[in-house]
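J.: There's a structure below that I have some questions on.
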Amino acid sequence: MNVQNIPHPSFFIDTLITERIRDFAAGAEQLQQLHPQQVAIIYKEKWFNLFVPAAYGGLQMSLPQGIQTEESLAWADGSTAWTVTLCSGANWFIGFLQPSLSDEIFNTVNTCLAGSGKATGVAKDLGDAYEVSGYWNYASGAFIATAFTANCIIEKDGVALLNADGTAWVKSFVFLRNEVILHPTWKSIGMIATASNSFEVKQLRVPKNRSFTIDSNAAILDAPVYKYPFQQLAEATLAVNSSGMAIRFLDLCDTFSEETKPGSLTQLQLTAAKNKLQMARNYFYNAVQQSWQAHVQQQPFAACALKAVTLASRELAATARKLVDEIYPYCGLAAANPATEINRVWRNLHTASQHALLLSDK
């Protein structure tokens with residue numbers, strides 16, 4: 001793939017699948033979760049298993065392949081893409097699970113993990129097991145999840161255990177669907193169909209193999225994708241959701257462009273916006289590809305290469321949001337009507353852009 005000029009997202013997804021996903025997007029908002037037909041497509045295409053080994057029914061994609069797929073899905077429908085991105089990211093944790101747990105969790109083609117990265121739970125070390133209590137927000141895809149992942153602070157004998165640097169020791173856990181309590185807390189203006197609700201466990205006793213550590217040095221499976229740093233993987237997969245939705249917004253804006261109407265969106269403005277977004281995409285994909293090539297060639301990760309992925313991801317997300325907001329006022333009242341696709345794309349993009357990993361730390 002020539003990352004000097006990455007193709008339009010439509011290049012990476014079948015036209016009929018795109019149309020099918022969009023056919024049910026408005027209905028999914030009414031349901032406040034993905035439409036069953038959209039979910040059926042996800043399972044058929046194995047998108048929750050983008051990074052899962054073939055032995056467990058996965059597509060075992062590389063990171064560059066995965067983000068191409070996720071961007072194309074975001075161009076098709078933001079809620080579908082966000083759910084796939086977050087749940088396939090959680091399914092990626094298979095690389096860090098004990099084989100006995102992987103065999104238990106990934107025993108169906110419809111395996112879908114949802115979860116949260118915040119350490120808002122406490123796991124008491126009982127020696128042969130953990131007792132976990134906690135409440136976690138924003139579990140995208142919770143309505144179809146077969147298991148949940150969550151981070152917890154570890155306690156023993158009533159005392160929080162610490163790392164060498166004095167910070168709290170945090171481990172990740174897996175809970176089965178019947179072990180969690182779901183709470184319908186998702187009330188955002190966009191990404192409505194992701195059903196990113198909250199979940200809770202109360203004094204849940206789980207065996208020691210339910211815990212795992214998300215660190216490249218702790219990976220149990222050998223595939224390169226599990227050795228790639230989690231922060232940059234997460235930033236990259238989230239960023240392409242913003243770019244995919246922004247491209248769709250600009251594509252829809254073509255219908256509002258009238259050269260002859262004073263004060264309206266001109267083709268020149270729209271072309272300039274598309275070119276700026278394309279430049280940000282090219283820079284982003286190049287940064288990811290360079291870091292990935294160095295990784296698979298087993299070259300030591302250079303701090304500058306990883307920093308480039310972080311900066312390119314945040315720049316892509318910021319550029320997508322900025323360009324959409326510059327063009328939005330020219331799109332008329334149709335863009336302000338929640339029943340239209342262009343408004344749904346706008347709402348989805350602005351909801352997704354609230355994710356902390358997409359915000360610049362400059």
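J.: Scan the range 293-311 residue by residue and report those that are part of a helix (DSSP H, G or I) and either over 20 Å from residue 357 (Cα atoms) or basic (Lys, Arg) (or both).
T.: Selection gives 293, 294, 295, 296, 307.
J.: Considering every residue within the range 5-19, establish whether at least one is in contact (Cβ under 8 Å) with a residue 12 or more places away in the chain and among the charged types (D, E, K, R).
T.: no
J.: Give me the pairs, please: first residue somewhere in the range 263-274 and at pLDDT 90 or above, second residue anywhere and open to solvent by 70 Å² or more (accessible area, probe 1.4 Å), beta-carbon distance under 8 Å, and either six or more positions apart or on two chains.
T.: 273/326
J.: Given the condition in contact with a helix residue (DSSP H, G or I) (Cβ under 9 Å, 6 or more places away or on another chain), at negative phi and in a strand (DSSP E or B), answer yes or no: does some residue in the range 154-172 qualify?
T.: Yes; the residues of the range 154-172 include at least one that is in contact with a helix residue (DSSP H, G or I) (Cβ under 9 Å, 6 or more places away or on another chain), at negative phi and in a strand (DSSP E or B).
J.: If you don't mind, there's one more thing I want to ask. Can you pull out the residues in the range 320-353 that are touching a Leu at 6+ places or on another chain (Cβ under 6 Å) and of a type in the set (Ser, Thr, Tyr)?
T.: Answer for the range 320-353, where residues must be touching a Leu at 6+ places or on another chain (Cβ under 6 Å) and of a type in the set (Ser, Thr, Tyr): just 330.
J.: What are the pairs with Cβ atoms under 6 angstrom where one residue, in the range 335-362, is closer than 24 Å to residue 308 by Cα and the other, located anywhere, is open to solvent by 30 Å² or more (accessible area, probe 1.4 Å) and at pLDDT 95 or above? Sequence gap at least six, or different chains.
T.: 353/321; 360/314
J.: OK, next. Scan (1) modelled with pLDDT of 95 or more; (2) open to solvent by 40 Å² or more (accessible area, probe 1.4 Å); (3) part of a helix (DSSP H, G or I); (4) not acidic (Asp, Glu) for the single condition residue 187 breaks and write down its number.
T.: (3)
J.: What pairs come up if the first residue lies in the range 317-334 and is among the β-branched types (Val, Ile, Thr), the second is open to solvent by 70 Å² or more (accessible area, probe 1.4 Å), and their beta carbons are under 8 Å apart, counting only those six or more places apart or on different chains?
T.: Short answer, once both residue conditions are applied: 319/276.
J.: Would you pick out the residues in the range 193-209 that are of a type outside the set (Phe, Trp, Tyr) and either modelled with pLDDT under 95 or crowded, with 24+ Cβ neighbours inside 10 Å (or both)?
T.: Within the range 193-209, 193, 194, 195, 196 meet the criteria.
The values are calculated or read from the model by the stated rules, or taken from the named source; none is laboratory data. Just so we're clear, the structure is a prediction, and the values are computed from it rather than from any experiment. Note: ideal-geometry Cβ built from the backbone for every residue, glycine included; neighbour counts use all protein chains shown. In case anyone asks, the SASA skips ligands and DNA or RNA and just uses the protein heavy atoms, side chains included. Shrake-Rupley method; radii C 1.70, N 1.55, O 1.52, S 1.80 Å.
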